[in-house]
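Student: Quick one: the structure is below, questions incoming.
The values are calculated or read from the model by the stated rules, or taken from the named source; none is laboratory data. Bear in mind the structure is a predicted one, so any value in this text is a computation, not a measurement. Positions of Cβ are generated from backbone atoms using ideal geometry, with glycine treated the same way; all protein chains shown enter the neighbour counts. Just so you know, the surface numbers come from the protein's heavy atoms only, side chains and all, with ligands and any DNA or RNA stripped out. Shrake-Rupley method; radii C 1.70, N 1.55, O 1.52, S 1.80 Å.
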Amino acid sequence: MEQKNDFGTGSVSENIIRMAVPMTVAQILNLLYNLVDRIYIGHIPGADSLALTGVGLTFPIVSMIVAFTGLFGMGGAPLCSIARGKKDFAQAQAVMQNAYAMLVITGVFITVIGYWIQRPLLYALGASDATYGYASGYLKIYLLGSLFVMIGLGLNPYINAQGFGRTGMVTVILGAVVNLILDPVFIFVFHLGVQGAALATVIAQFLSALWVLLFLTGKKPSLRLNAKPGIPNWKVVRQIMTLGVSSFIMNFTNSVVQVACNRQLQMYGGDLYVGIMTVLNSIREVLTMVVIGTASGAQPVISFNYGAGKKDRVKEGIRFMTKVSMAYTCIAWMVTLVFPKFFIQLFNSEPELLQAGVPAMHIYFFGFCFMALQFSGQTTFQALGQARYAITFSLFRKIVIVVPLTYLLPLLPGVGLYGVFLAEPISNLVGGCACFFTMLKVIWRGKLKE
């Protein structure tokens with residue numbers, strides 16, 4: 001089989017940039033799916049902030065769906081890249097094909113289960129009688145696109161793993177542009193409200209999934225996909241899931257954290273503060289896109305060179321990824337301190353939400369730069385197939401630190417509900433440092449020691 005996009009030659013930093021730039025653009029545009037919905041939803045006439053709060057309650061469910069794409073997508077892509085570095089193309093092909101089969105099976109399963117339990121689930125997530133209608137209206141339509149999300153997001157890493165970063169970017173651009181066009185039409189022209197936002201997203205996701213399938217079954221990639229999923233090889237599936245569990249846990253724990261935050265904020269502050277957390281989560285997602293894109297661009301390069309036995313190039317990739325991520329997050333932190341109102345007003349301009357949201361934002365983004373350490377350490381563990389460490393630190397930051405602090409900090413005198421927002425920066429500092437310095441010991445001074 002012809003080897004295309006050999007990451008074992010040329011400048012490591014240039015290889016990462018070549019992958020990271022289109023993947024960062026793709027990450028930003030992918031985020032537009034939900035952000036554009038939230039911006040328009042926050043300005044639906046007569047809905048006030050209840051519509052935004054209702055849709056925010058669906059975020060844990062959306063995160064869960066994305067978690068499954070990471071289980072088979074980000075779980076298999078590093079294995080695919082390592083196999084390419086070893087020139088074991090049969091194994092690389094098997095990983096991609098089995099991941100596809102599991103993505104299809106899981107997408108169908110999520111849709112069926114989601115419809116079955118959506119009402120009690122939304123109330124368990126913090127819905128009130130005032131917000132349930134908005135949350136349910138959005139979720140029922142969004143669930144119809146679960147299979148498209150699984151295929152589009154889950155298979156796109158296999159395009160990137162083969163070095164086609166620009167093609168992976170087009171996957172997301174296609175969906176994002178469609179979403180941008182259809183959102184205002186469905187919401188304001190046809191007056192479909194939150195259901196219109198969900199419908200626009202589903203159509204966009206369908207087109208993205210179709211593009212991914214057409215490319216991977218075509219002639220351009222070295223590893224070509226069979227459009228028929230087939231019966232999974234459970235031995236290969238176990239290998240994918242062992243590494244993919246860390247990505248799954250990262251997204252799953254995001255859902256757990258969102259549930260904990262929503263319930264606490266509903267208890268201490270009501271719908272207004274649930275809406276504020278929705279806005280802050282949206283801003284955080286925007287600001288982390290460059291870090292995620294850099295890490296995503298570095299992962300196939302690091303994995304390929306590790307498979308090829310080129311330790312110096314692996315170290316160079318880790319160094320470059322960490323420096324870029326730290327520099328960017330420091331700048332992003334300063335921007336949130338100086339221009340908090342600008343970011344909040346993108347989503348909602350109600351004076352009450354703005355007044356309460358500014359101090360919450362200053363707390364939530366304090367020490368934002370330490371988050372880069374978590375991403376750098378986590379990406380390195382995944383890229384080298386170190387599932388145990390990747391899983392451990394996925395759980396540690398969110399479940400061991402954030403969730404307990406979300407319940408405990410509001411009990412402290414003088415802290416109150418702002419303790420919910422304070423849990424995030426504490427977890428960035430403690431979790432990020434623990435992950436990164438463990439990586440230095442285990443990987444840098446261990447597996448990569450000459």
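Student: Filter region 384-405 down to the residues that are at pLDDT below 85, within 24 Å of Y364 (Cα to Cα) and open to solvent by less than 20 Å² (accessible area, probe 1.4 Å) and list them by number.
Tutor: Listed by number, the residues that qualify are S394, K398.
Student: What are the residue pairs meeting all of these: first residue in region 3-30, first residue over 25 Å from V178 (Cβ atoms), second residue at pLDDT below 80, Cβ atoms under 7 Å, and 6 or more apart or on different chains?
Tutor: So the pair list comes out as N15/F7.
Student: Also, quick follow-up: Just a yes or no: is a residue in region 165-177 outside any helix (DSSP H, G or I), hydroxyl-bearing (S, T, Y) and open to solvent by 10 Å² or more (accessible area, probe 1.4 Å)?
Tutor: Checked against the condition, which is being outside any helix (DSSP H, G or I), hydroxyl-bearing (S, T, Y) and open to solvent by 10 Å² or more (accessible area, probe 1.4 Å), region 165-177 yields no hits at all.
Student: Scan region 434-442 and give yes if some residue there is in a helix (DSSP H, G or I), small (G, A, S) and within 30 Å of A308 (Cα to Cα), otherwise no.
Tutor: Checking region 434-442: at least one residue is in a helix (DSSP H, G or I), small (G, A, S) and within 30 Å of A308 (Cα to Cα).
Student: Could you check region 178-187 and list, in sequence order, the residues that are surrounded by fewer than 19 Cβ atoms within 10 Å (Cβ to Cβ) and without any contact (Cβ under 8 Å) to a residue 60 or more places away in the chain?
Tutor: I181, V185
Student: Looking only at residues that are farther than 16 Å from M102 by Cβ and small (G, A, S) in region 239-274, which one is surrounded by the fewest Cβ atoms within 10 Å (Cβ to Cβ)?
Tutor: The selected residue is G270.
Student: Restricting attention to region 200-255, report how many residues are touching a Lys or Arg at 6+ places or on another chain (Cβ under 9 Å) and within 25 Å of D6 (Cβ to Cβ).
Tutor: 7
Student: While we're on this one: For region 267-279, state whether one or more residues are part of a helix (DSSP H, G or I), within 16 Å of the chain's Cα centre (by Cα) and of a type in the set (V, I, T).
Tutor: Yes, because at least one residue in region 267-279 is part of a helix (DSSP H, G or I), within 16 Å of the chain's Cα centre (by Cα) and of a type in the set (V, I, T).
Student: I'd like to know if region 302-319 contains one or more residues that are in contact (Cβ under 8 Å) with a residue 12 or more places away in the chain, under 26 Å from P425 (Cα atoms), part of a helix (DSSP H, G or I) and touching a Pro at 6+ places or on another chain (Cβ under 9 Å).
Tutor: For region 302-319, residues in contact (Cβ under 8 Å) with a residue 12 or more places away in the chain, under 26 Å from P425 (Cα atoms), part of a helix (DSSP H, G or I) and touching a Pro at 6+ places or on another chain (Cβ under 9 Å): absent.
Student: Quick one: count up the residues across region 281-322 that are over 12 Å from S376 (Cα atoms), β-branched (V, I, T) and at pLDDT 85 or above.
Tutor: Residues that pass the stated criteria total 5.
Student: When the residues of region 301-324 are filtered to those that are closer than 21 Å to M371 by Cα and open to solvent by less than 40 Å² (accessible area, probe 1.4 Å), which remaining residue is farthest from the chain's Cα centre (by Cα)?
Tutor: Among those that are closer than 21 Å to M371 by Cα and open to solvent by less than 40 Å² (accessible area, probe 1.4 Å), it is K315.
Student: Just checking, which of A51, A67, A94, A90 is part of a helix (DSSP H, G or I) and either among the basic types (K, R) or under 25 Å from A295 (Cβ atoms) (or both)?
Tutor: None of the others qualify; the one that does is A67.
Student: If you don't mind, there's one more thing I want to ask. From the list F366, F347, F381, exactly one residue is open to solvent by less than 20 Å² (accessible area, probe 1.4 Å), of a type outside the set (K, R) and not in a helix (DSSP H, G or I). Which is it?
Tutor: Being open to solvent by less than 20 Å² (accessible area, probe 1.4 Å), of a type outside the set (K, R) and not in a helix (DSSP H, G or I) holds for just one of F366, F347, F381, which is F347.
Student: Open to solvent by 30 Å² or more (accessible area, probe 1.4 Å) and either at pLDDT 90 or above or hydroxyl-bearing (S, T, Y) (or both): which single residue out of L373, L408, L412 fits that description?
Tutor: L408
Student: Now, a different point. Looking at (1) at pLDDT 90 or above; (2) over 27 Å from S296 (Cα atoms); (3) among the polar types (S, T, N, Q), can you tell me which one Q355 breaks?
Tutor: Every listed condition holds for Q355 apart from (1).
Student: Considering only region 416-440, state which residues are at pLDDT below 90 and open to solvent by 40 Å² or more (accessible area, probe 1.4 Å).
Tutor: The one that is at pLDDT below 90 and open to solvent by 40 Å² or more (accessible area, probe 1.4 Å): Y418.
Student: Turning to a different aspect of this structure: If M74 satisfies all but one of (1) farther than 19 Å from S255 by Cβ; (2) within 20 Å of the chain's Cα centre (by Cα); (3) open to solvent by 50 Å² or more (accessible area, probe 1.4 Å); (4) not small (G, A, S), what's the number of the condition it fails?
Tutor: Condition not satisfied by M74: (1).
Student: What number goes with the only condition from (1) surrounded by 19 or more Cβ atoms within 10 Å (Cβ to Cβ); (2) closer than 24 Å to Q299 by Cβ that Y142 does not pass?
Tutor: With (1) surrounded by 19 or more Cβ atoms within 10 Å (Cβ to Cβ); (2) closer than 24 Å to Q299 by Cβ applied to Y142, the lone miss is (2).
Student: Across region 196-238, what is the number of residues that are open to solvent by less than 80 Å² (accessible area, probe 1.4 Å) and touching a residue at least 12 places away in the same chain (Cβ under 8 Å)?
Tutor: Qualifying residue count, region 196-238: 28.
Student: Can you find a residue in region 331-352 that is of a type in the set (G, A, S) and modelled with pLDDT under 85?
Tutor: Within region 331-352, one or more residues are of a type in the set (G, A, S) and modelled with pLDDT under 85.
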